[in-house]
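Here is the structure we will look at.
Read the figures in this text as sums done on the coordinates, not as results from a lab. All values derive from a computational prediction rather than experimental measurement. Using ideal geometry, Cβ is built from the backbone for each residue, glycine included, and neighbour counts are taken over all protein chains shown.
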Amino acid sequence: MTSGNTNAPAGAGANETDQLGGGSIVSVARPLPTVTTDWHNARDNALQAAQNFGFEVIPLSVRKLPAIRSPHDKGHGCKGECGQLGHGIHDASSDPDRIHAMFAATRHATGYGIACGRAPHHLIGLDLDRKNGVDGVWELRKLAAKHGIAVPRTVIIRTPSGGFHAWWTGPADVKVPNRAGHVAPGVDVRGAGGYLVGPGSRGTSGSYTLASDPDEVVVQPIPEQLLTLMTASNNPPRTERPFTGRVTGGRTLVGLVRVVLDAPQGQRNTRLYWAACKAFEHAGAGLFPADSAHGALTQAAAAVDLPDNEAAATIASARRAVLGATK
């Protein structure tokens with residue numbers, strides 16, 4: 001995988017164990033958790049991505065969320081100025097010593113994220129979902145055909161759910177926002193402030209693998225027309241829905257609410273589940289509170305006449321699947 005001459009990170013480290021010395025002792029420090037092969041794979045691939053290709057990385061948990069817990073109380077505005085780790089994507093770095101330190105602090109990590117929007121590549125990602133009745137690959141093809149966009153081969157990562165991540169390089173002077181379902185259903189944009197799960201990572205449902213041929217495919221510049229669609233202001237609603245709720249979660253949550261409001265008859269519950277999963281993923285990454293997502297999607301479901309008990313069960317199921325929460 002290259003940007004210019006950038007190849008795909010892929011590798012696995014050897015297994016390591018911690019040993020305690022013998023002898024008579026009164027008390028000992030709590031032993032560190034034993035690291036796993038997944039941890040080694042994630043650390044080694046993250047180091048390779050940083051050293052060989054200039055990507056800035058962070059460790060991820062098995063739920064694909066930043067693995068280092070915040071040192072602050074909720075509602076803080078610190079983005080790393082305090083000098084501590086635990087600020088999500090703001091921790092991302094290509095410095096090997098810092099990467100080693102981050103992984104040493106997260107021995108439960110099973111993956112790594114690659115920061116988007118940063119020099120030298122200004123990476124942009126398209127997350128093409130293929131689940132819950134939505135096929136992001138097909139939707140991207142339709143979008144390209146509609147607008148006459150020639151989509152060149154680029155680096156493609158296969159996700160455990162059967163979807164794909166397409167990687168692109170972007171211009172330094174354009175800030176691409178993170179959006180879910182903005183350009184098309186099942187097509188999410190990862191831009192400035194977001195991250196892509198790197199190949200060699202493992203999530204709850206499986207591993208992320210390189211689908212491209214690393215010897216033939218490079219990270220291509222984003223097609224100009226596709227970039228325009230990614231950065232355009234929100235399109236006006238396709239249909240009028242009686243939604244009167246207030247959404248406090250920025251454009252990303254507004255877009256997910258619109259996915260529910262615009263769902264055709266027979267797909268409302270499926271679209272609600274998909275939107276809820278995406279919303280709770282963003283909430284887990286700190287983009288907005290999980291309760292804000294829960295409330296906004298509950299109101300959207302009511303606006304499209306989904307039964308209250310059905311909508312509540314769907315949203316709760318998505319929340320459990322993503323965050324492990326029951327409330």
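Quick notes on this one:
- Spin-label model, VAL254 to GLN267: label points 7 Å out along the Cα-to-beta-carbon direction sit 2.3 nm apart.
- Proximal aspartates and glutamates relative to LYS79, as straight alpha-carbon distance under 15 Å, when same-chain residues fewer than 8 apart are discounted: ASP91
- Under-5 Å amide H pairs with CYS116, H placed in peptide plane, nonlocal only: GLY193, GLY194, TYR195, LEU196
- Placing a pseudo-label 7 Å from each Cα along the Cα-to-Cβ vector at ARG69 and ASP291 gives an inter-label distance of 2.0 nm.
- All Cα-Cα distances of the range 127-198, cut into 5 Å bins from zero to the largest, leave 4, 15, 24, 28, 21, 7, 1, 0 percent in each bin in turn.
- Here LYS131 is the anchor, and the aspartates and glutamates within straight C-alpha reach of less than 16 Å, apart from those fewer than 8 places off in the same chain, are GLU139, ASP188, GLU281.
- Within the same chain, lysines fewer than 8 places from LYS74 are excluded, and of the rest, those with a Cα less than 22 Å from its Cα are LYS64, LYS278, LYS327.
- For the range 136-186, the relative contact order works out to 40 percent when only alpha carbon pairs closer than 8 Å and six or more residues apart are counted.
- Length-normalised contact order for the range 62-125 - Cα pairs under 8 Å, 6+ apart - percent: 32
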